[in-house]
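The block underneath contains the structure these notes are about, expressed in structure tokens.
The values are calculated or read from the model by the stated rules, or taken from the named source; none is laboratory data. Given the structure is predicted, the values throughout are model-derived calculations rather than measurements. Using ideal geometry, Cβ is built from the backbone for each residue, glycine included, and neighbour counts are taken over all protein chains shown. Quick note on the areas: whole protein, heavy atoms, side chains included, nothing else; ligands and nucleic acids left out. Shrake-Rupley method; radii C 1.70, N 1.55, O 1.52, S 1.80 Å.
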Amino acid sequence: MSALDLPDNIHDWIVSFLIDRQQRCVINGVCSSVLCITRGIIQGSGVGPTFYIVMKSDLSTLSPTNIFSKYADDIDLLVPQYCDIDLATEFDNIQRWATDNKMIINRSKTKEIVFRRPCPLRFNIVPSVDGVALVDHVKSLDVILQQSLSHDLHVTELLKQCSQRIYLLRLLRNQGLSPDQLNPFCWPNCISFVVCSSRLGSVSISCPGWYD
């Protein structure tokens, strides 16, 4: 935080906001003792997410060829097949950064995937990181990515969700709701699926059919 170009009074306010925080738990009317909080993001605070972004800003790859994709508390690491710094070394760098910042990486939720052509003539699998599962598909920002770069699983999941929403709208219509009453249910569900233009097209074409 001190490395940022902030006025002294703003810096002092942030420090005062973060230090000397305490909490206790109440269960069935019984209060625990008060303990000091030395880590974590303050839930419900407007500046909490920004503080986390600032804290994560100093995390970078060891090789300029490798790429970090950061979103909230998730980090995606992209390492090409041929690189001067391999995946295991980059992961150790993340592990050290997390330890220095008093955080623990949940390896059970950490996955490794190798993207490749469907039928490669020569395919060299990079060494797996200890304790991290090697999988054939992962979900990143609600998008399913397959190792063959196919979209089958993602499209299937999307159509399944669309079918569920349309079924719900049909049940509501059968209960006597008018098109005007269905609009608050219909369009928010459509918008929630908008990740690309094709998503909006598939949902907006299907939903009005239940009005006829």
> When the stretch 92-118 is examined, which residues are found to be within 18 Å of Ala133 (Cβ to Cβ), among the basic types (Lys, Arg) and touching a residue at least 12 places away in the same chain (Cβ under 8 Å)?
Replying inline: Arg107, Lys111, Arg116
> Quick one: in the stretch 8-24, which of the residues that are within 32 Å of the chain's Cα centre (by Cα) and exposed (fewer than 10 other Cβ atoms within 10 Å of the Cβ) is nearest to Ile53 (Cα to Cα)?
Replying inline: Ser16
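One line per residue, one yes/no per condition, for (1) among the small types (Gly, Ala, Ser); (2) out of contact with any strand residue (DSSP E or B) (no Cβ under 7 Å at 6 or more places or on another chain); (3) open to solvent by less than 60 Å² (accessible area, probe 1.4 Å):
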| residue | (1), (2), (3) |
| --- | --- |
| Ser148 | yes, yes, yes |
| Val155 | no, yes, no |
| Lys160 | no, yes, no |
| Ser163 | yes, yes, no |
| Ile166 | no, yes, yes |
| Leu169 | no, yes, yes |
| Leu172 | no, yes, yes |
| Gln175 | no, yes, no |
| Leu182 | no, yes, yes |
> Mind checking whether some residue in the stretch 28-35 is exposed (fewer than 11 other Cβ atoms within 10 Å of the Cβ), at pLDDT below 80, hydroxyl-bearing (Ser, Thr, Tyr) and in a loop (DSSP other than H, G, I, E, B)?
Replying inline: no
>> Criterion first (more than 22 Å from the chain's Cα centre (by Cα) and either open to solvent by 40 Å² or more (accessible area, probe 1.4 Å) or not aliphatic (A, V, I, L, M) (or both)) does Asp130 satisfy it?
In response: yes
>> I'm told Ile125 meets every condition in (1) open to solvent by 80 Å² or more (accessible area, probe 1.4 Å); (2) modelled with pLDDT of 85 or more except one. Can you identify the failing condition by its number?
In response: (2)
> What number of residues within the stretch 92-118 satisfy the criterion of being under 21 Å from Ser148 (Cα atoms) and more than 17 Å from the chain's Cα centre (by Cα)?
Replying inline: 5
> Is there a residue being surrounded by fewer than 10 Cβ atoms within 10 Å (Cβ to Cβ) and assigned to a loop (DSSP other than H, G, I, E, B) anywhere in the stretch 73-89?
Replying inline: yes
> What are the pairs, 6+ residues apart or on separate chains, where a residue within the stretch 1-14 that is acidic (Asp, Glu) has its Cβ under 7 Å from a residue that is assigned to a loop (DSSP other than H, G, I, E, B) and exposed (fewer than 10 other Cβ atoms within 10 Å of the Cβ)?
Replying inline: none
> Among all residue pairs at least 6 apart or on different chains, which show Cβ distances below 7 Å where the first residue, located in the stretch 133-151, is in contact (Cβ under 8 Å) with a residue 60 or more places away in the chain and the second is open to solvent by less than 40 Å² (accessible area, probe 1.4 Å) and among the aromatic types (Phe, Trp, Tyr)?
Replying inline: none
